[in-house]
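The values are calculated or read from the model by the stated rules, or taken from the named source; none is laboratory data. Treat the numbers as computed from the prediction; the structure is a model and nothing was measured. Here the Cβ positions follow ideal geometry from the backbone for every residue, glycine too, while neighbour counts run over all protein chains shown. These accessible areas exclude ligands, DNA and RNA; they are computed on the full protein's heavy atoms, side chains included. Shrake-Rupley method; radii C 1.70, N 1.55, O 1.52, S 1.80 Å.
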Amino acid sequence: MLVLGIDTSCDETACAVVEDAEQILSSKISSSINFHRQFGGVIPEAASRQHLEFIISVLDVCLKESGVGPKDLDLISVTRGPGLVGALLVGINLAKALSFSLGIPLLGINHLTAHLYASFMAPEKPNLPAVGLVVSGGHTELVFIREFNDIEIIGRTRDDACGEAFDKVARILNLGYPGGPIVDRLAREGEKGKIRFSCGEFRNSLDFSFSGIKTAVLYYVNKRAVSGERLAVSEVNGICAGFQEAVVDTLVKNALSACRLKRASQLVLGGGVSANSLLRERMLALSKTENIQIFLPPLELCLDNAATVAGLGYHLYRLKQPHSDLSLEAEPLLGFITT
Ligand code: KG4
Ligand code: ZN
């Protein structure tokens, strides 16, 4: 079965052709990050316009590279939310037009679930049920995945998302956007344990908090600015290391507690922050000390892409998920599908 996936949830315009659940024939992403960088973050209206400008050429190149003609496609799978409403609408309307004109079914897909599906497209796949941890720019959620249409939320951030905290800390330190990869790189140069931060914790809960640690970094930097001192490169690196260490610590700790709570022996990661080198290292170390198998998405499937949207579309189609029709709407605040 040949599935076209489309994702325009944030700042990447993405199309992919996937055969059955995992054979990626082509996956194209046109990123608008360079455009948004000048503003220090994504401007929603500008993101929609960027998608409109690039979506047709991304689709053309994707189909050409896959060797699949529009008439060969069997299913259209598109991100319906969560994301930026105007951005989502661009992908959804293209998907509707293709589904209508080609006479093939359409499925609206949850972006967070697609992030978790990334690990299921790797050569070594998890089995369900499993605990899932989504760490992206907009979400941090711990879930128990019984099936891809039966996901229970067992922990989530009460304030900032994990990726958002990386981006904000990078902004405080004037490092550029998006902050995650930059903080990750500088943290590797930083002296371990010299500058320490910690994340908020909640008793008897698997919830997260990342807004306090961001404020702690801001206070640290402001205090140094008030005394008229410039931060040395080594100190910036040390702040990145201290911040990243605390964030990774809390992610690993809660994920481990979630596995124990659910008696799960498999843990699946997804979302942009799952590209973080320390998080990957610590999670893999966990698999050696605990009886837990860790599944990390391939690096090229950590960030927003359409291959996971197509793969998940195929999976849900096989589960006989009802098709979407031309009334499919963008759902910017969509959460996990829990039934
Ligand atoms: O999943 P994603 O591509 O978009 C959303 O759905 O939000 O995630 C983007 C987020 C950004 O906040 C970015 O800073 C973060 O993922 N990110 C990272 C790394 N690479 C991307 N965070 C930490 N370390 C990284 N290496
Ligand atoms: Zn995403």
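Quick notes
- Here region 281-297 is the region considered, the condition is being in contact with a helix residue (DSSP H, G or I) (Cβ under 7 Å, 6 or more places away or on another chain) and within 15 Å of ligand 1 (Cβ to nearest atom), and the residue that is most open to solvent (accessible area, probe 1.4 Å) is Arg282.
- Of all the residues in region 172-208, those that are away from ligand 1 (no atom under 16 Å from the Cβ) and either touching a Lys or Arg at 6+ places or on another chain (Cβ under 8 Å) or part of a strand (DSSP E or B) (or both) number 3.
- Any pair with Cβ under 8 angstrom, 6 or more apart, that starts in region 15-33 at a residue that is on the phi > 0 side of the Ramachandran plot and ends at one that is assigned to a helix (DSSP H, G or I): Asp20/Tyr314
- Verdict on Leu175 being more than 26 Å from Arg49 (Cβ to Cβ), away from ligand 2 (no atom under 16 Å from the Cβ), open to solvent by 30 Å² or more (accessible area, probe 1.4 Å) and touching a helix residue (DSSP H, G or I) at 6+ places or on another chain (Cβ under 6 Å): yes
- Any hit, region 141-148, residues being more than 9 Å from ligand 1 (Cβ to nearest atom) and more than 18 Å from the chain's Cα centre (by Cα): yes
- Matching residues, region 304-323, being at pLDDT below 95 and surrounded by 14 or more Cβ atoms within 10 Å (Cβ to Cβ): Gln321, His323
- So Ser277, is it polar (S, T, N, Q), closer than 30 Å to Gly190 by Cβ and out of contact with any Phe, Trp or Tyr (no Cβ under 9 Å at 6 or more places or on another chain): yes
- Residue match in region 159-167 (condition: open to solvent by 50 Å² or more (accessible area, probe 1.4 Å), closer than 30 Å to Glu53 by Cα, charged (D, E, K, R) and under 16 Å from the mean Cα position of the chain (by Cα)): yes
- Check on Val268, within 16 Å of ligand 2 (Cβ to nearest atom) and closer than 20 Å to Glu152 by Cα: yes
- Scan of region 1-45 for residues that are open to solvent by 60 Å² or more (accessible area, probe 1.4 Å), among the aliphatic types (A, V, I, L, M) and assigned to a loop (DSSP other than H, G, I, E, B), ordered by number: Ile43
- Number of the exception - Ala170 against (1) on the phi > 0 side of the Ramachandran plot; (2) open to solvent by less than 40 Å² (accessible area, probe 1.4 Å): (1)
- Residue match in region 158-171 (condition: within 16 Å of ligand 2 (Cβ to nearest atom), assigned to a loop (DSSP other than H, G, I, E, B) and among the charged types (D, E, K, R)): yes
- For region 224-270, a tally of residues being surrounded by 22 or more Cβ atoms within 10 Å (Cβ to Cβ) and not in a helix (DSSP H, G or I) returns 4.
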